[in-house]
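Read through the structure below, which is laid out as structure tokens, and then see the notes.
The values are calculated or read from the model by the stated rules, or taken from the named source; none is laboratory data. Note that the coordinates shown come from a computational prediction; the quantities given were computed from them, not determined experimentally. All Cβ positions, glycine included, derive from the backbone under ideal geometry; neighbour counts span all protein chains shown. Surface areas here come from the heavy atoms of the whole protein model, side chains and all, with no ligands, DNA or RNA. Shrake-Rupley method; radii C 1.70, N 1.55, O 1.52, S 1.80 Å.
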Amino acid sequence: MAGIYIHIPFCKQRCYYCDFHFTTSLKNKDAIINAIVFELEIRKTEITEEVKTIYLGGGTPSIIETSDIKKIFDSIYKNYSVSPSPEVTIEANPDDITIEKLAELRQTPINRFSVGIQTFHEKDLKFMNRAHNKSQADNCIPMIQNAGFDNITIDLIYGVPNQTNEEWLYNLDRAFELNVPHISAYALTVEEKTPLSKLIQSGKYPNVSDEKAFEDFKTLISKTKEQGFVQYEISNFGKDGYFSKHNSSYWKGDQYLGVGPSAHSFNGVERRWNLANNKMYLEGINSNKYFEKESLTEADTFNEYLMTGLRTIWGVSLQKISSDFHPSFITNFVNTINNLQQEGIVVVNGDIVTIAENSKFQTDGITSELFVVNN
């Protein structure tokens with residue numbers, strides 16, 4: 001299954017925790033949109049199969065005009081073979097959602113919304129320096145639903161300093177009340193060079209707590225399960241029929257095309273990433289000097305298979321490891337898995353290995369124990 005990701009590098013303001021590539025200036029917006037359209041044209045031979053998912057991410061795609069969004073879709077449909085019923089997602093912030101905007105977006109191929117709620121508490125929105133307020137967080141989902149969109153996911157952040165257990169429960173209960181069929185929830189992390197990192201280092205903000213995040217994570221798992229959600233990936237919870245097809249393709253190792261500044265691509269044997277600099281991206285797009293790439297070694301491919309697969313309910317296949325990789329890989333893997341299985345950390349069901357539910361919070365650390373270091 002092929003997918004196309006479009007990175008829209010614009011935001012109204014910087015959230016304190018964010019380390020994604022973006023700018024708060026719209027000065028070069030038209031040039032960036034035109035460059036994205038051009039990149040779609042010059043890379044059309046890279047995807048030969050039918051495109052089944054399209055994802056507008058960022059940044060904040062909802063900040064740009066619908067005419068710009070239509071221009072991007074026109075280029076996609078002109079240059080690629082798109083499925084008759086693709087999953088087409090747009091990331092949106094609550095403060096950008098209006099009745100008028102939704103009516104415009106209904107005239108595009110968009111059929112799925114990913115809304116950056118993060119929290120329904122005013123104090124936490126201010127702590128994160130989000131552009132929206134509690135009222136907008138509460139009201140945007142019903143507006144989207146009333147406009148005829150039912151495939152909606154919201155982002156929530158847990159492990160927030162000074163947020164009580166009751167306040168985290170309120171966030172979850174509010175999401176359930178709004179009847180969204182998908183929730184993506186992430187632990188607040190402190191990335192280097194972000195405003196949050198600097199504020200914590202200066203003592204102006206309290207540091208994040210792994211213990212707090214773990215307690216919130218356990219609450220998240222139990223409450224979503226009670227409401228009929230399936231935790232199909234560490235951070236993603238969906239009801240039947242509402243799993244993200246686009247993100248699932250990443251975790252299953254499918255090919256995808258990433259377009260726009262900082263966007264990543266994968267063709268099965270090679271990873272490629274565009275420059276995370278708008279000026280350099282614009283300067284290099286015409287001379288084919290706007291990206292870097294690397295070929296994956298067998299060890300790289302194996303490690304990525306584990307890293308993505310073990311995050312999901314689909315796990316990793318012993319048969320695939322045995323057939324696709326060097327014999328030593330399966331030998332080392334099985335030896336380690338046997339020990340982890342005895343400790344109750346992983347589950348082996350026939351051919352499939354998954355992380356045990358009570359160990360999911362430590363998935364990244366567990367997975368790193370299984371990596372091949374040298375090829």
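Would you please give the residues with an amide H less than 5 Å from that of Gly258, counting only those at least 5 places away or on a separate chain, with H modeled from the backbone geometry?
HN-HN under 5 Å from Gly258: Tyr5, Ser265, Phe266.
Quick one: order Ser85, Ser249 from most to least accessible surface, probe 1.4 Å.
Ser85, Ser249
Estimate the FRET efficiency between Ile313 and Asn286 by the formula 1/(1 + (r/R0)^6), using the beta-carbon distance for r and 51 Å for R0, to the nearest 0.05.
So, using R0 = 51 Å, E works out to roughly 0.70.
In a shell of Cβ-Cβ distance under 11 Å around Thr312, excluding Thr312 itself, what net charge do Lys and Arg (+1) and Asp and Glu (-1) give?
Around Thr312, the surrounding residues sum to +2.
For the chain, with a Gaussian network of springs between Cα atoms less than 10 Å apart, report the residue from Thr336, Thr363, Thr119 with the top mean-square fluctuation.
Maximum fluctuation in the GNM of the chain, among the listed residues, is at Thr336.
Note down the magnitude of the dipole of segment 29-155 about its Cα centre, charges +1 on Lys and Arg C-beta and -1 on Asp and Glu C-beta and zero elsewhere, to the nearest 20 debye.
About 80 debye.
Using 0.36 nm per residue, how much length does the chain from Asp364 to Asn34 gain when fully extended, once their Cα-Cα distance is taken away?
Extra length from Asp364 to Asn34 when fully extended: 115.0 nm.
Going by amide H atoms built from the backbone, whose H comes under 5 Å of the H on Gly58, apart from near neighbours?
Ile8
How do Arg43, Arg272, Arg311 rank by accessible surface area computed with a 1.4 Å probe, from largest to smallest?
Sorted descending by solvent-accessible area, the residues read Arg311, Arg272, Arg43.
Around Gln145, what is the net charge, scoring Lys/Arg as +1 and Asp/Glu as -1 over all other residues with Cβ under 14 Å from its Cβ?
Result for the local shell: -1.
Take the eigenvalues of the Cα gyration tensor for segment 268-360, scale each by 5, and report the square roots as semi-axes in whole Å, largest first.
Taking √(5λ) for each Cα gyration eigenvalue gives 37, 16, 9 Å.
Given the options Asn93, Asn286, Asn247, state which has the largest fluctuation in a GNM of the chain using a 10 Å cut-off (strictly under) for Cα springs.
The residue that fluctuates most here is Asn286.
Give the list, by residue number, of cysteines in the chain with no other Cys Cβ closer than 4.7 Å, or say none.
Cys11, Cys140, each lacking another Cys Cβ under 4.7 Å.
To the nearest 10 Å², what's Phe176's accessible area with a 1.4 Å probe?
Only protein atoms counted, so the area is about 40 Å².
DSSP beta bridges in the chain, what fraction antiparallel, as a percent rounded to 5?
Within the chain, antiparallel bridges account for around 40 percent of the total.
Counting other C-beta atoms within 10 Å, and keeping those with at most 16, which DSSP coil GluC sites (Glu not before Pro) do you find in segment 308-375?
Counting only loop positions with at most 16 other Cβ atoms within 10 Å, the GluC sites (Glu not before Pro) in segment 308-375 are Glu343, Glu369.
Just grab the label-to-label distance for Ser322 and Glu226, each label 7 Å out from Cα along the Cβ direction, in nm (one decimal).
In this crude label model, Ser322 to Glu226 measures out at 4.3 nm.
Give, rounded to the nearest 20 debye, the magnitude of the charge dipole that the chain has about its Cα centre when Lys and Arg contribute +1 at Cβ and Asp and Glu contribute -1 at Cβ.
800
Which value in Å is the Kirkwood Rh of segment 1-44 over different Cα pairs?
Its Kirkwood hydrodynamic radius stands at 12.2 Å.
Keeping all protein chains in place and using 1.4 angstrom, which order do Trp314, Trp251, Trp273 fall into by accessible surface area, from largest down?
Of Trp314, Trp251, Trp273, the descending order of accessible area is Trp314, Trp273, Trp251.
Need one number: nm distance between label points at Tyr170 and Asn129, each 7 Å from Cα along Cα→Cβ, rounded to one decimal.
2.5
If the only charges are +1 at each Lys and Arg Cβ and -1 at each Asp and Glu Cβ, what is the size of the charge dipole of segment 301-375 around the Cα centre, to the nearest 20 debye?
Using only the charged Cβ atoms, the result is roughly 60 debye.
Return the carbon/sulfur percentage of the accessible area of segment 1-115, one whole number, probe 1.4 Å, all protein chains in place.
Within segment 1-115, the accessible surface is 48 percent carbon and sulfur.
What span do the alpha-carbon atoms of segment 180-237 cover on each of the three principal axes, reported in whole Å from largest to smallest?
That works out to 43, 19, 17 Å along the principal axes.
So what is the 222 nm mean residue ellipticity for the chain from helices alone, if each DSSP H run of at least 4 adds -39500 (n - 2.57) and you divide by all residues, rounding to the nearest 500 deg cm²/dmol?
-11500 deg cm²/dmol
Using the beta-carbon distance between Ser25 and Thr108 and R0 = 35 Å, what value does 1/(1 + (r/R0)^6) give for FRET efficiency, to the nearest 0.05?
It comes out at approximately 0.90.
For segment 45-90 and segment 245-268, what is the separation of their Cα centres, given in Å?
13
Could you tell me what % of all Cα pairs in segment 121-216 have separations over 15 Å?
66
Starting from the amide H of Ala276, placed 1.01 Å from N in the peptide plane, find each other amide H under 5 Å away whose residue is 5 or more places distant or on another chain.
The answer is Ser262.
P(r) for the chain: what percent of alpha-carbon pairs falls in each 20 Å bin, starting at zero?
Result, from short to long distances: 26, 59, 14 percent.
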